[in-house]
Every structure is written in structure tokens, then in C-alpha cells.
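Peer 1: One structure is given below, represented as C-alpha cells, and several questions about it will come after.
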Amino acid sequence: MYLHEAIYDIDELMRENLHIHTNLFSGCAKPEMVFADIVRTAEKAGLARIAVTDHVQEYDVEHVRNILKTYIPARDAMQTDVKVYVGAELSAFDTDKFTLQHTDLTTEFNLYAANHYHVSSWGQPAERTAVGYKEHNKKAMEFLIRSGKCDCIAHPFVDSYVKIDEIRNPEHPMTAAWTDNELGDILCLAKEYAVMWELPPKIVEGDPVFAKRLFNIGKEVGSVFTMGTDAHWLVNIDTARFTEIYKKILT
Ligand SMILES: [Zn+2]
Ligand SMILES: [Zn+2]
């Protein structure tokens, strides 16, 4: 489900951070990532919307229940002008497998990673080449989108989690393997199912050539992009320091 209309104005996009990890449910988040402090930090940064999105691996539905049980009451008890979504960074961990697949349970923001190839339980392509990974990732995203369970795809398309040097290199052969037509097709499919695309620094700074293609084709198609910094530290909640670089690369 879309949380908002399409936003192509970078200043406007920077008013949200829809990818934030917390200390209680993401082992990788710093101890300072306390829910109330995250909300206060977002307030000070002048953000309109944030989402907490802790990691959930495979079919760990219990982890999702604990997140909801903990943070929905905490959010409801807080006085703040920031719209706070209690979501999760769920896993589309193979071409036909994703968290929440066999349950009606849902969060307020089902953000799915489909390319955490560094996780040991993650499905890997038979052919471990840039094209093999791109095809595997494509199938996983298509299956996930068609399920209707996904609100947004986290750090989509990028090779950053593939631990193979010939694939994760400055030429970015994995994202380069997507043709404009294929990109257009999957963006249209996502639009049909109201799935948003995260546009994080990992893409914009990490793979600027692809980021520009994604943004331009997305604008033609009418895709909805979201900003999320994948914050594991409080200092990464404010999005302001990305405004100029995003403008330079995307516009
Ligand atoms: Zn991730
Ligand atoms: Zn994350």
C-alpha cells in the first residue's frame, strides 16, 4: 500500500526516513537506537514521517509479533507531530519465499529486502554471475510484488550484499544487466500492486548511474519512491545531509 503519493521533489522526499533499526529487535543497531529517542531525533530533524523497520529473517512471525506488541503501544503513548509507522524489514529470501507468506499478520509498513545475499539462509542463484544474481533478484521481487504483501522494497536492485568481487565492483554489472524495458516492466508491476521503491544513499551514492536510470524511468511510469537511510545510529536519522548530493545525481 502506498503511504503517500509520488514525490519527485528532493526536498520533499527528504522529509521522511522510512528505514530505521532499533536496539531491541535488530542486533546490528547501536544501543542508542531506543524507540523514544529515535522519535525525538526525528522531531528535531523536522521529519514528517518515519518508520521503524527491524530485521526479520525467513518465516520468523514471532519476531514480527513482538515488534508490533512493543512499539505500537509505545508509539500511541507518545505525543509527537511525526507520523511514526511500526514496520519491519522483512525478507524476500528466495524466488518464492518471503516473511509473512503463510499468515495474515501484517505490519504498518512491510518493507522487504530482496537482496540480502550475505545472509547465510538466503537463496542464491544457480549461476553465481552478475546476470544470475540479477535474474534471481528479479524473480524474487516479482513473486513478492504479486503477493500483495509488500508495501516497499528496500535498497532494491543493488549488488552491495553480493560478496563476490567480480559482481560488486564500480562497474556494477548486476544493475547494468537490467535493460530499460525490464526496469519499466517491474516498475509498472509494482505500480499495479501499489508497491513503493526505496531510494537510499546506498543506491544514489553507491550506484549513481543506475540511480538516475531508476529515478527517470520511475518518473515516467509514475512510481512512488521513499527515502530511507537504513539508520543504525541516531546521527543517521536526519536526512538533510543527503539533499544536495541527491539533487546533483538525480536531477
Ligand atoms: Zn537491508
Ligand atoms: Zn535495514
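Peer 1: Can you tell me which residue in segment 1-19 is farthest from ligand 1 (Cβ to nearest atom), limited to those that are of a type outside the set (A, V, I, L, M, F, W, C) and part of a strand (DSSP E or B)?
Peer 2: Per the criteria, the residue is Glu16.
Peer 1: For segment 28-40, give me the residue count where each residue is within 16 Å of ligand 1 (Cβ to nearest atom), buried (at least 21 other Cβ atoms within 10 Å of the Cβ) and not small (Gly, Ala, Ser).
Peer 2: Total meeting the criteria: 1.
Peer 1: I'm checking my understanding of the structure. Among residues of segment 8-67 that are polar (S, T, N, Q) and within 16 Å of ligand 2 (Cβ to nearest atom), which one is farthest from Trp233 (Cα to Cα)? Talk me through it step by step, then tell me what you get.
Peer 2: Of segment 8-67, the ones polar (S, T, N, Q) are 17, 22-23, 26, 41, 53, 57, 66.
Now restrict to residues that are within 16 Å of ligand 2 (Cβ to nearest atom): 17, 22-23, 26, 53, 57.
Working: Asn17: 13, Thr22: 9, Asn23: 10, Ser26: 12, Thr53: 13, Gln57: 21 Å.
Among those that are polar (S, T, N, Q) and within 16 Å of ligand 2 (Cβ to nearest atom), it is Gln57.
Peer 1: Tell me whether segment 135-146 contains one or more residues that are farther than 23 Å from Leu214 by Cα, among the aromatic types (Phe, Trp, Tyr) and not in a strand (DSSP E or B). Steps first, answer last, please.
Peer 2: Of the residues in segment 135-146, the ones farther than 23 Å from Leu214 by Cα are none.
The answer is no, given that none of the residues of segment 135-146 is farther than 23 Å from Leu214 by Cα, among the aromatic types (Phe, Trp, Tyr) and not in a strand (DSSP E or B).
Peer 1: Select from segment 67-91 the residues that are surrounded by 15 or more Cβ atoms within 10 Å (Cβ to Cβ) and of a type in the set (S, T, N, Q) and list them in ascending order.
Peer 2: Thr70, Ser91
Peer 1: While we're here: Can you tell me which residue among Thr80, Thr103, Thr22, Thr70 is over 29 Å from Asn137 (Cα atoms) and either within 17 Å of the chain's Cα centre (by Cα) or in a loop (DSSP other than H, G, I, E, B) (or both)? Break it down stepwise before answering.
Peer 2: Numbers: Thr103 fails: over 29 Å from Asn137 (Cα atoms); Thr22 fails: over 29 Å from Asn137 (Cα atoms); Thr70 fails: either within 17 Å of the chain's Cα centre (by Cα) or in a loop (DSSP other than H, G, I, E, B) (or both).
After ruling out the rest, the residue left standing is Thr80.
Peer 1: Would you call Lys191 within 16 Å of ligand 1 (Cβ to nearest atom), part of a helix (DSSP H, G or I) and within 27 Å of His55 (Cα to Cα)?
Peer 2: Working: within 16 Å of ligand 1 (Cβ to nearest atom): no; part of a helix (DSSP H, G or I): yes; within 27 Å of His55 (Cα to Cα): yes.
When the stated conditions are applied, Lys191 does not pass them.
Peer 1: Still on this structure, please answer the following. Six or more apart or on different chains, Cβ under 6 Å: which pairs go from a residue in segment 183-195 that's over 14 Å from Arg213 (Cβ atoms) and touching a residue at least 40 places away in the same chain (Cβ under 8 Å) to one that's assigned to a helix (DSSP H, G or I) and among the aliphatic types (A, V, I, L, M)? Could you list them?
Peer 2: Once the first residue is over 14 Å from Arg213 (Cβ atoms) and touching a residue at least 40 places away in the same chain (Cβ under 8 Å) and sits in segment 183-195, its partners that are assigned to a helix (DSSP H, G or I) and among the aliphatic types (A, V, I, L, M) give Leu189/Ile145; Ala190/Ile145; Tyr193/Ile145; Val195/Ile145.
Peer 1: Under 9 Å by Cβ, and 6 or more places apart or on different chains, what pairs join a residue from segment 8-27 that is more than 19 Å from Val86 (Cα to Cα) with one that is within 16 Å of ligand 2 (Cβ to nearest atom) and part of a strand (DSSP E or B)?
Peer 2: Partner pairs satisfying both residue conditions: Leu13/Thr226.
Peer 1: Would you tally the residues in segment 209-225 being more than 15 Å from Met174 (Cβ to Cβ) and in contact (Cβ under 8 Å) with a residue 12 or more places away in the chain? Walk me through it before giving the result.
Peer 2: To start, the set of residues in segment 209-225 that are more than 15 Å from Met174 (Cβ to Cβ) comprises 212, 215-225.
Those left that are additionally in contact (Cβ under 8 Å) with a residue 12 or more places away in the chain: 212, 215, 217-225.
Final tally of qualifying residues: 11.
Peer 1: Could you run through segment 143-198 and say how many residues are among the hydroxyl-bearing types (Ser, Thr, Tyr) and either under 21 Å from Val64 (Cβ atoms) or crowded, with 22+ Cβ neighbours inside 10 Å (or both)? Let's see the steps before the verdict.
Peer 2: Pass one, segment 143-198, residues among the hydroxyl-bearing types (Ser, Thr, Tyr): 147, 160-161, 175, 179, 193.
From what is left, the residues that are either under 21 Å from Val64 (Cβ atoms) or crowded, with 22+ Cβ neighbours inside 10 Å (or both) are 147, 175, 193.
The number of residues fulfilling the criteria is 3.
Peer 1: Is it the case, given these coordinates, that Gly228 is closer than 25 Å to Met1 by Cα, crowded, with 21+ Cβ neighbours inside 10 Å and either out of contact with any strand residue (DSSP E or B) (no Cβ under 9 Å at 6 or more places or on another chain) or free of Cβ contacts under 8 Å to residues at least 40 places away in the same chain (or both)? Walk me through it before giving the result.
Peer 2: On the way: closer than 25 Å to Met1 by Cα: yes; crowded, with 21+ Cβ neighbours inside 10 Å: yes; either out of contact with any strand residue (DSSP E or B) (no Cβ under 9 Å at 6 or more places or on another chain) or free of Cβ contacts under 8 Å to residues at least 40 places away in the same chain (or both): no.
No.
Peer 1: Does Thr175 count as among the hydroxyl-bearing types (Ser, Thr, Tyr) and out of contact with any strand residue (DSSP E or B) (no Cβ under 8 Å at 6 or more places or on another chain)? Can you show your working first?
Peer 2: On the way: among the hydroxyl-bearing types (Ser, Thr, Tyr): yes; out of contact with any strand residue (DSSP E or B) (no Cβ under 8 Å at 6 or more places or on another chain): yes.
Criteria met by Thr175.
Peer 1: Which one of the conditions (1) away from ligand 1 (no atom under 16 Å from the Cβ); (2) surrounded by fewer than 23 Cβ atoms within 10 Å (Cβ to Cβ); (3) within 19 Å of Leu90 (Cβ to Cβ) does Phe25 fail to meet, given that it meets all the rest?
Peer 2: Every condition holds for Phe25 apart from (1).
All of the numbers you see were taken from the coordinates with simple rules; none came from a lab. What you are looking at is a predicted structure, and each value in this text was computed from that prediction instead of being measured. Note that each Cβ is placed from the backbone with ideal geometry, even for glycine, and that neighbours are counted across all protein chains shown.
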